[in-house]
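What follows is a set of notes on a single structure, which appears directly below.
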Amino acid sequence: MAGYAGREGSRRIAEVKKDELQRWFSKEYVELMGQGSTINIDNSSLPWQEYGATEWEEVNEGGIFTALWNLSGAYGLGFRVDLHRILVKQETIELCERYDLNPYRLYSCCMLAAGDNGSHLVHRLQSEGIPAAIIGVVTPDIKREICYSQVQGFLERPREDELYKIWRQL
């Protein structure tokens, strides 16, 4: 994973809910919530193949869970992802808790990439100043497993982006 889950969605929410958020959080923290990614991470911004990626998927509407579903479905493979390894900012988590949103189903501007050597890929991205982490492994079956501590579950089909919950309130 390159970038932060839900970051762009939390930026958009903080923009339209700024006054309301300042009732619960300091002005500085709300400003932090409203900061988007300073790095443009998409299909065209980096030489993904040169970095060691064999497949990649933009994470945008529907969040990281939708991108995981799409990437695995396109190649007929499964995965096992550790929820604790998904990069997400604390301010995104706080905002999502305030509005009962799932940060993993929230609009993002980041990338998922698969490669034969995930450590090499992460190292290359980090050397470019891009936050990156190995969040799981590809599996030869079609199971889409999500692990959280000792609990193991399966990813549900993609749903509507969490942003729509906020837009319906406006």
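The values are calculated or read from the model by the stated rules, or taken from the named source; none is laboratory data. Note that the structure is a prediction, hence the values are computed from the model and not measured. Counting neighbours? That spans all protein chains shown, and the Cβs are built from the backbone with ideal geometry, glycine included. With ligands, DNA and RNA removed, areas are computed over all heavy atoms of the protein, side chains included. Shrake-Rupley method; radii C 1.70, N 1.55, O 1.52, S 1.80 Å.
Selection within segment 130-170: residues that are open to solvent by less than 50 Å² (accessible area, probe 1.4 Å) and among the small types (Gly, Ala, Ser). The member of this set that is farthest from residue 1 (Cα to Cα) is 153. Taking each residue of segment 91-103 that is hydrophobic (A, V, I, L, M, F, W, C) and looking for partners that are modelled with pLDDT under 95 and open to solvent by 30 Å² or more (accessible area, probe 1.4 Å) with beta-carbon atoms closer than 8 Å, six or more apart or interchain, yields nothing.
Close Cβ contacts (under 7 Å, 6 or more residues apart or on different chains) running from residues in segment 120-137 that are farther than 21 Å from residue 89 by Cβ to residues that are open to solvent by less than 80 Å² (accessible area, probe 1.4 Å) and part of a loop (DSSP other than H, G, I, E, B) comprise 120/52; 121/51; 121/52; 124/51; 124/52.
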